[in-house]
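Student: Please find one structure pasted underneath; my questions will follow.
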Amino acid sequence: MTETTQTPPEDKLDFKRILPILVIVLVDLMGLSIIIPLLPLYAARFGAEPILVGILQAAYPLMQFLGAPILGRLSDRFGRKPVLIASQIGTLIGFIMLGFANSLLLLFISRIIDGLSGANISTAQAAIADSTNEKTRTQGLGLVGAAFGVGFVLGPVLAFIVLASTGQNYQAVAWTAALFSFASILLTTFWFKETVTDAADPEASRKRRPFSFGALREAMAHRPTIWFLVIVMFFYQVAFGGYEQLFSLFTLNQLGMDARDTSGLFMLAGILIIVIQGGLIGRWSKKKGDRWLALMGIGALAIGLIGTALTPAIPVPWYEKARVLESLAGQGEFRVSIQSINVNLPDETSRGWFGIVWLMIASIPAALGGGTLQPAVNSLITKASDKSEVGGMLGLSSAAYSAANAIAPLFYGALFQWFGPPVPFFVGGAILLILFIVAPRVIKNPA
């Protein structure tokens with residue numbers, strides 16, 4: 001009886017083999033996420049206006065958009081390890097420049113270098129694809145997503161500790177990020193083992209197709225399913241990325257929640273996503289398949305976004321308008337006049353629990369869709385690709401993801417400002433509903 005219930009060895013994920021990749025991703029993300037919360041204030045010190053701050057924040061994902069397909073394709077030809085190390089060195093240089101930055105120009109240059117180098121996530125995903133089979137790949141890619149989630153949770157906490165212990169020294173945070181980047185270089189050099197099996201064989205390497213955008217286009221032309229999956233990745237991240245980036249402003253307008261309140265919701269959503277990507281997604285993939293997982297992710301995220309848009313404008317029971325305005329004004333040298341704050345806040349007369357409870361319920365399908373869709377789509381892409389083109393195809397997926405990250409705040413922000421807080425979430429949900437209707441006809445189960 002026990003023999004029939006045991007999982008065959010080929011159906012089990014080899015954690016020992018992929019652990020170095022997960023740790024490297026986590027360390028890389030710690031370095032990145034420790035910087036992200038400080039960039040607007042960093043730029044403000046050099047006199048940047050809000051629109052320029054937005055452009056600075058878009059520089060990183062735009063450079064990722066350009067760099068991801070190139071690094072992914074180069075890793076197909078020369079192996080994952082040398083490309084990872086080269087890109088990590090670029091990230092280290094970017095953080096060092098940030099530590100020395102004494103002008104807005106140097107800030108931009110540091111983010112451009114880091115963005116091009118930070119496109120190595122497609123290489124890490126390709127290494128996971130090399131180290132798994134079709135039955136374990138989604139679980140492996142889900143664990144990469146979980147490492148992302150843990151990194152993004154721990155990074156801001158570490159930034160707070162560094163700032164508190166150094167008297168708000170931004171340069172100290174940049175140097176801490178550089179330290180994490182240097183650690184990732186050491187880990188890749190001495191722990192990570194090459195996953196492209198013929199990368200060390202000169203003869204086999206010569207037979208691999210050289211990198212060119214023409215070769216990438218030709219490979220994509222014969223795989224329309226991959227084109228559609230890349231489109232899904234783009235619109236998924238436009239919808240979910242905009243949701244993440246404007247969620248705080250939405251809760252402020254609709255529910256009167258300040259940064260501390262909203263950070264609690266983010267933490268709960270982050271924990272849910274980590275649980276989904278780190279534990280549940282592998283079981284669901286084996287039981288239901290990646291096609292089912294992708295369709296479920298699209299549908300769940302659509303429901304979550306539309307549910308968020310329908311959140312009743314009832315401020316939380318502890319809401320006090322004066323206290324929220326004080327928290328927005330800030331303290332010390334960065335304090336601004338309360339009269340200059342141009343934010344619509346709700347009235348105090350109709351406080352209650354209904355709005356926050358509704359939003360928390362709507363956040364569950366949003367986190368479910370956000371946590372499952374990316375690893376499921378990337379797993380489908382690897383299964384539809386030739387083995388020699390996995391890095392390049394994942395690079396295209398990563399490029400679409402990065403382009404969406406650059407577009408999402410501009411798209412959602414414009415809808416938010418011109419048409420009201422609920423509208424961008426309605427539009428994001430509507431886009432995903434259209435994909436949900438079309439996707440079953442295009443996405444097929446891997447052969």
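Student: Counting pairs of alpha carbon atoms under 8 Å apart in space and at least six apart in sequence, what relative contact order in percent does the range 64-195 give?
Tutor: Numbers: 139 pairs, mean separation 47.6, N = 132.
Computed value for the range 64-195: 36 percent relative contact order.
Student: Which order do the peptides 230-238, 265-273, 413-421 come out in when sorted by mean C-beta neighbours inside 10 angstrom, highest first?
Tutor: Details: 230-238: 21.4, 265-273: 17.0, 413-421: 15.0.
Result, highest mean Cβ count within 10 Å first: 230-238, 265-273, 413-421.
Student: While we're on this one: If packing is taken as the average count of other Cβ atoms within 10 Å, what order do 243-254, 80-91, 362-373 fall into, highest mean first?
Tutor: Values: 243-254: 20.3, 80-91: 22.3, 362-373: 24.2.
Result, highest mean Cβ count within 10 Å first: 362-373, 80-91, 243-254.
Student: Continuing with this model, one more query. Distance in nm between label sites at Lys286 and Lys135, each 7 Å beyond Cα in the beta-carbon direction?
Tutor: 0.8 nm
Student: What ranking, highest mean first, results for peptides 400-408, 435-443 when packing means the other Cβ atoms within 10 Å averaged over each residue?
Tutor: Working: 400-408: 22.9, 435-443: 15.6.
Averaged packing, sorted descending, gives the order 400-408, 435-443.
Student: Cross-link list Lys16/Lys286; Lys135/Lys288; Lys81/Lys287; Lys81/Lys286; Lys81/Lys444; Lys287/Lys444: which exceed 23 angstrom alpha carbon to alpha carbon?
Tutor: Lys81/Lys287; Lys81/Lys286; Lys81/Lys444
Only the coordinates and a few stated rules stand behind these numbers; no lab work does. As the structure is a prediction and not an experimental result, all values here were calculated from the model. With ideal geometry, Cβ positions are generated from the backbone for all residues, glycine too; neighbour counts draw on all protein chains shown.
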